[in-house]
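Every number in this text was worked out from the coordinates using simple rules, so none of it is lab data. Remember, it's a predicted structure, so these values are computed and weren't measured experimentally. Cβ coordinates were reconstructed from backbone atoms using ideal geometry, including for glycine residues, and neighbour counts include every protein chain displayed.
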Amino acid sequence: MEHIQSGVERAKDKKLRKPEPTVSATLDDGTIIEAVYDPVAHTTSFVVAKDGKWKTAPHHDLPDGRRLVPLSGQNNLLTHGVVLLPSAPVEFGTKAELLARLQTFIHEYVDLSPLFERIAGHYVLLSWLYDGLHEIPYLRVRGEPGSGKTRFLLTIGSLCYKPIFASGASTVSPIFRMLDLVRGTLIFDEADFRFSDERAEVVKIMNNGTTRGFPVLRAETNQVTKEFNPTAFHVFGPKIVATRGAFEDRALESRFISEQMGAQRLRRDIPIALTDDHARQALSLRNQLLLFRLRFHRTGLSPIVADRDIEPRINQMFGPLLSVVDDEQTRQAIRALAVEYSGQVVCDRSLDSEGHVVEAIHALMLSDGTPPTIRDLAAALDRNEAATGAFAWTPRFVGQIVRRKLGLRTVRRRDGHCIAPVETARLAALFVRFGLVPTPPPRSPDSPHSPSRMESASDPVNQVNGVILVDAAIGLPREAA
């Protein structure tokens with residue numbers, strides 16, 4: 001009976017211990033598991049680290065009965081260099097010494113501006129700790145063929161955490177599957193997709209990949225029942241991209257820290273072709289970076305606000321990068337770049353039809369002090385040849401922008417529909433958002449009396465960004481929303 005029971009238990013244990021291919025894992029007890037790959041012997045194993053100590057192991061058993069195993073050394077992704085892994089942890093000294101070696105390697109093979117060269121080095125460090133953050137920016141180079149974009153990707157990408165090399169020649173379907181399996185850094189060359197379907201798919205991956213908790217959903221077919229089941233694919237993580245131009249999606253553009261390649265002649269000391277020494281140096285640095293991850297992963301990163309006065313999205317993108325920067329001079333330079341990016345976002349926004357409408361509202365309120373009618377707005381925009389373009393600003397078209405895109409309520413007045421006086425606070429926020437100076441307090445022509453600027457300004461609660469709030473329906477100051 002005991003023999004039968006032990007046989008059942010062994011069969012049960014064998015079933016529970018079904019191998020689960022894994023590239024890396026971070027367990028609740030603080031254990032970090034990282035797959036390593038020997039490119040000479042074509043073998044893989046795990047580095048298992050906890051409490052500052054690490055060991056190698058062929059697999060790792062979890063308390064719930066699962067057995068984690070590394071990808072096979074003969075896996076196509078590894079043998080073809082699509083995914084690069086370290087081979088073993090190697091001592092790196094201090095963080096500053098490691099960063100100096102990274103930047104020396106980058107400088108040797110890629111021609112970048114001094115600031116972007118420093119940003120690239122810090123981004124490599126960030127990629128090895130990214131899973132401790134909730135947001136992550138992307139790195140991007142733009143330029144014509146021959147400007148050095150691919151060299152940049154090969155050099156920076158070979159240093160990043162579990163790089164996954166892909167190109168515009170790849171179909172989109174395996175990309176999010178590789179991201180879900182490897183959970184590393186996507187290195188994407190020629191990301192200028194010609195076809196709208198492919199472009200839409202890659203935009204989804206990029207837009208969802210900057211924030212934790214927004215997977216890509218796909219319908220997978222069950223091979224047994226032939227039913228379609230929704231499956232979530234993890235796409236959060238660092239991404240380094242090369243394109244010829246900018247993305248049309250402005251929200252996606254705001255997720256990149258970019259460098260324009262080919263703006264000047266190539267440095268003469270940059271090698272024209274890469275050799276095996278490039279790969280050997282990169283592997284040596286990845287091994288040092290692996291130990292860097294094992295030591296610093298559990299310390300955690302706290303994003304740093306670049307500037308409270310700039311666009312929130314820009315702060316979200318630059319904050320994680322600033323969290324790995326220790327040098328104050330570099331921090332200040334990156335903060336200045338964040339301010340520049342924020343100004344460009346505001347400038348681009350003002351060129352939209354919404355921007356022209358907000359600018360016209362602002363100009364009319366400066367001259368009159370009251371919320372303008374839709375008809376007056378349309379007439380003012382139609383007179384502005386720069387804003388008119390190839391279409392006419394009809395009251396109907398302007399009204400749709402005011403109500404649907406800007407979210408402003410309108411009321412009917414004797415001289416037509418106008419922006420509701422209660423939208424003063426919303427207007428004040430829109431003026432700031434579109435880079436316009438505050439306006440004087442609005443006056444309602446239907447109000448029995450309007451408080452003077454001095455009377456309203458004496459109560460600081462009735463001001464938002466320098467704009468005094470007045471409830472025009474009763475002519476008395478109201479509290480800011």
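Using the alpha-carbon centroid of each, what span in Å lies between segment 229-268 and segment 395-440?
If you average the Cα positions of each part, the centres end up 35 Å apart.
If you average the C-alpha positions of segment 338-381 and of segment 56-125 separately, how far apart do those two centres end up, in angstrom?
Measuring centre to centre over Cα atoms gives 48 Å.
Treating only the Cα positions of segment 33-118 as identical point scatterers, give the base-10 log of I(q)/I(0) from the Debye formula at each q in 0.14, 0.26 Å⁻¹.
Rounded to two decimals, the profile gives -0.70, -1.17.
Stretched out fully, how many nm does the piece from GLU253 to LEU366 gain, at 0.36 nm a residue minus the Cα gap?
Extending this stretch completely gives an extra 37.4 nm.
Could you work out how far apart the two model spin labels at ASP38 and PHE214 are, taking each label as a point 7 Å from the Cα in the direction of the beta carbon, and quote it in nm?
Placing both labels 7 Å along Cα→Cβ, they lie 4.3 nm apart.
If the chain between ASN75 and VAL411 were fully stretched, how many nm would it gain, using 0.36 nm times the residue separation less the Cα-Cα distance?
So the extension gain works out to 114.3 nm.
So how do 317-326, 254-263, 412-421 stack up, highest first, on mean other-Cβ count within 10 Å?
Descending mean neighbour count gives 317-326, 254-263, 412-421.
Assuming R0 = 60 Å, what is the FRET efficiency of SER113 and ALA392, from their Cβ-Cβ distance, to the nearest 0.05?
0.85
Pulled fully out, how much extra length does the chain show between ARG67 and ALA246, if you take 0.36 nm times their separation in residues and subtract their Cα-Cα distance?
So the chain would gain 60.0 nm between ARG67 and ALA246.
Please list, in chain and number order, the residues 5+ apart from ILE304 or on another chain whose amide H is under 5 Å from its amide H, with Hs placed from the backbone.
Excluding prolines and chain starts, which carry no amide H, the hits are LEU322, SER323.
Report, please, the projected area of segment 20-79 averaged over directions, based on the convex hull of its C-alpha atoms, in nm².
4.2
Using the Cα centre of segment 313-423 as origin and beta-carbon charges of +1 (Lys, Arg) and -1 (Asp, Glu), tell me which of GLN329, GLY399, GLN316 is placed farthest towards the positive end of the dipole.
Value computed over the given set: GLY399.
Under 5 Å between amide hydrogens, which residues at least 5 positions from THR22 or on another chain qualify, with H placed 1.01 Å from N in the peptide plane?
VAL69, LEU71
Which whole-Hz ³J(HN,Hα) couplings does segment 67-73 yield from phi under the Karplus relation 6.51 cos²θ - 1.76 cosθ + 1.60, θ = phi - 60°, glycine and proline marked x?
10, 7, 10, x, 4, 4, x
Amide H to amide H under 5 Å from ARG413: which residues, 5+ apart in sequence or cross-chain, H placed 1.01 Å off N in plane?
Those lying under 5 Å, H to H, from ARG413 are CYS418.
Can you check what the net charge comes to around CYS160, using other residues whose Cβ is under 11 Å from the Cβ of CYS160 (Lys, Arg +1; Asp, Glu -1)?
Within the 11 Å Cβ shell, the charges total +3.
Go through segment 100-109 residue by residue and turn each phi into a ³J(HN,Hα) via Karplus (6.51, -1.76, 1.60, θ = phi - 60°); whole Hz please, and just put x for glycine and proline.
3J(HN,Hα) across segment 100-109, in whole Hz: 4, 5, 4, 5, 5, 4, 4, 5, 5, 10.
Can you compute the FRET efficiency between ARG375 and THR221 using 1/(1 + (r/R0)^6), with r the Cβ-Cβ distance and R0 = 56 Å? Round to the nearest 0.05.
Computed FRET efficiency for ARG375 and THR221 comes out at 0.50.
Give me the Kirkwood hydrodynamic radius of segment 95-349 in Å, from all C-alpha pairs, to one decimal place?
18.9
Do any trypsin sites (Lys or Arg not before Pro) in segment 275-335 lie in a DSSP loop with no more than 11 other beta carbon atoms within 10 Å, and if so, which?
ARG308
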